[in-house]
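Data block below; observations after.
The values are calculated or read from the model by the stated rules, or taken from the named source; none is laboratory data. From a predicted model like this one, the values you see are computed outputs, not experimental measurements. FYI the Cβ positions are ideal-geometry reconstructions off the backbone, even for glycines, and counts take in every protein chain you see. Ligands, DNA and RNA are excluded from the accessible area calculation, which covers all protein heavy atoms including side chains. Shrake-Rupley method; radii C 1.70, N 1.55, O 1.52, S 1.80 Å.
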Amino acid sequence: MYARRRALPTRPARPLWHWLVPAMLALLALWGGWSVLGRPHDLSPQGAALTRTPAQDWADLAAFGPRPVGSEGHGRAAAWLAGQFRALGYRVTEQPVQVTRPFDQGGELRVGELRVPVRALYGARGGDQQGRLVRVPPDAPAERLRALGLEAGLALTTCPRGSWRDLTERVIDAGGLGLVLVETCPGHPLERVSETPLPLVTVGARDAERVLAQAGRPASLTSRVEWREVTGHNLIAARVEARPEVLFGAHLDTVNGSPGANDNASGVLAVLEAARRAAGTPLAGRAWFVLFDAEEDGLHGSYAFITTYGFPLRDTRAMLNFDMVGVGAAPLGVEAHPELLALARRLRPDIRVFDDRPTRTRETFGRSSPLSGRSDHLNFKRQGIRTVYLNRGEDVNYHAPGDRSLDPALVSETADFASRLAQAALQAPWTREEPCGITGRDCRY
Ligand SMILES: [Zn+2]
C-alpha cells in the first residue's frame, strides 16, 4: 500500500475582469447620476412672480436709492433683480465688470465769511485752488474768457447752452484754475468733463444768488474726488438651453446721486416685464434678458458682455435696448436696423423714429460707416448685430437728483410693444450677417 499523496484541489484564482467589470459599471452609474443631478436645470416660474406688476416692481426697486456702480444701493438692487428673474424660472449668471470711477467726497467754496457746499462735476479730479472769482458768460469762447481776466482766476458762471465738457475745456484753455457752475438750469446734462486735477464744481440753485454776488472777490475752492476701482455685474437671465435669438437689454446703473427712475429703472423694469410675459412660453427658449452694468461710465458692461458672449450672439436676430422709457417726454420712439424698423412700423405705423446722435464714425479704407449710439446697443452694432433702441426722449430730470418717478403704464406698454417686435423678428426670414470685415462693405449701418 502506499499513500497517494496528491494536493487537494483548490479553487482557481478569479480572473481580473470578474471584479473589474462590476466596479466599472458601478462607477459609471455613479458618474451618470452625478452628471444628471449636477447639470444646471430650469426652475419653474413661481405664481407670485408671474402676477407682479411694474408698479410693484418699481416700489421695491426705488427703495434702494441711487445705483452707481460700487455703491451699496447698487449691490442691493442687483441682488433683488437677480431674485426676481430666478422667481420667473430663469437662471441668472453674474458677469463681473471692473471699472475705475469717481466718487464725489464733497467740497467747499469760501469767500470771506461765506461757506457754500459744492459738488464735483462728473469726471473732474478735484483739487484746492485760490483765485479771484471771475464772472463769465457760459458760452463765450476761450479768448473772450481770457480777455475777461480769467487767467489764474476761478470761473463763475451759469448753465451753458452747449456741453459742460466744452465749458470746462474753454475755462482751462483760458488759464482758469477752477470752475464754479451755478445750477440754475432746468436740466442737468451729466456728461464726463475733463479729467484735469482742478476743482470743477456746481453749487445748488438755492445758493445761486449768494454766490453770484461774490463775483470779483478772492475765493478759495476745494473739491475732493476719490477714484476707486469697483466691480459691477452684468446680470444675464436665461433658461438653461435658451439661445439669444433675441436679446432684451437695459443698463441697471445710475449716475452718482440720481435715483435713476427714468434712467434707467424704466428700462430695467421693461426687461423684467418682458421676461415675465415670456416665462413659460416658447419665447423663453429663444431669448436672453440682460441687465448691463457701468453704462454710465462708458458702456463698460455691454462691452464686457459682447467680448465674452460673441459666439452665442451669432444667433442674435435682434438686440432690443431699453433706455429711458418710463417718462413720456416724447412718444415711444425707436432707432433701429432697417429690417427691424420695417417690422416695428408694421406693428405700429405711427411709431416715432429718431436719429441716435452720431458719436463716432468708423473709417475703413476710405469708406466710413457711421456707427451711432448713446447707450449699450452701440457695442452690439459694432459687432454687426441688428439693434433696436427704444426711448421716450430726454426729460428735464435727466441725470439729476430729481429723476425719481416713472409711469409704470409706460413701462408695460414698452414691454408689450418690444415683446411683439421680438416675436415678429423671430418669425421674419433672417440670414446671419457676418462681421463687417476689413472692407466695411457688409456693414448695414
Ligand atoms: Zn441711460
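Tabulated data
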read-out: Search result, residues across region 325-339 that are within 13 Å of the ligand (Cβ to nearest atom) and either touching a Ser or Thr at 6+ places or on another chain (Cβ under 6 Å) or part of a strand (DSSP E or B) (or both); value: Val325, Gly326
read-out: Residue in region 63-76 that is without any contact (Cβ under 8 Å) to a residue 24 or more places away in the chain and loosely packed, with under 14 Cβ neighbours inside 10 Å present; value: yes
read-out: Identity of the residue in region 283-303, open to solvent by 10 Å² or more (accessible area, probe 1.4 Å) and aromatic (Phe, Trp, Tyr), that ends up nearest to the ligand (Cβ to nearest atom); value: Tyr303
read-out: Top-ranked residue of region 369-396 - restricted to ones that are β-branched (Val, Ile, Thr) and part of a strand (DSSP E or B), ranked as nearest to Glu335 (Cα to Cα); value: Val388
read-out: Residues satisfying the stated conditions in region 210-226, i.e. more than 14 Å from Leu133 (Cβ to Cβ) and surrounded by fewer than 13 Cβ atoms within 10 Å (Cβ to Cβ); value: Glu226
read-out: Strands (runs of 3 or more DSSP E) wholly inside region 93-180 containing at least 1 residues that are open to solvent by 10 Å² or more (accessible area, probe 1.4 Å); value: 114-120, 126-135
read-out: Pick from region 228-248, criterion of a type in the set (Val, Ile, Thr) and assigned to a strand (DSSP E or B), ranking: surrounded by the most Cβ atoms within 10 Å (Cβ to Cβ); value: Val246
read-out: Top-ranked residue in region 190-209 [being touching a helix residue (DSSP H, G or I) at 6+ places or on another chain (Cβ under 8 Å) and of a type in the set (Ser, Thr, Tyr); ranked as surrounded by the fewest Cβ atoms within 10 Å (Cβ to Cβ)]; value: Thr196
read-out: First in region 26-42 and open to solvent by 100 Å² or more (accessible area, probe 1.4 Å), second anywhere and among the basic types (Lys, Arg) and not in a helix (DSSP H, G or I), Cβ under 9 Å, 6 or more apart; value: His41/Arg91
read-out: Any hit, region 353-363, residues being surrounded by 13 or more Cβ atoms within 10 Å (Cβ to Cβ), within 13 Å of the ligand (Cβ to nearest atom) and at pLDDT 90 or above; value: no
read-out: Any hit, region 145-161, residues being under 34 Å from the mean Cα position of the chain (by Cα) and free of Cβ contacts under 8 Å to residues at least 24 places away in the same chain; value: yes
read-out: Residue in region 435-445 that is open to solvent by 10 Å² or more (accessible area, probe 1.4 Å), modelled with pLDDT of 80 or more and among the aromatic types (Phe, Trp, Tyr) present; value: no
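Results for (1) charged (D, E, K, R); (2) assigned by TED's automatic domain parsing to the domain that holds Ala208, shown as yes or no for each residue.
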position	(1), (2)
Trp58	no, no
Arg67	yes, no
Gly75	no, no
Phe85	no, no
Gly112	no, yes
Ala120	no, yes
Gln129	no, yes
Pro141	no, yes
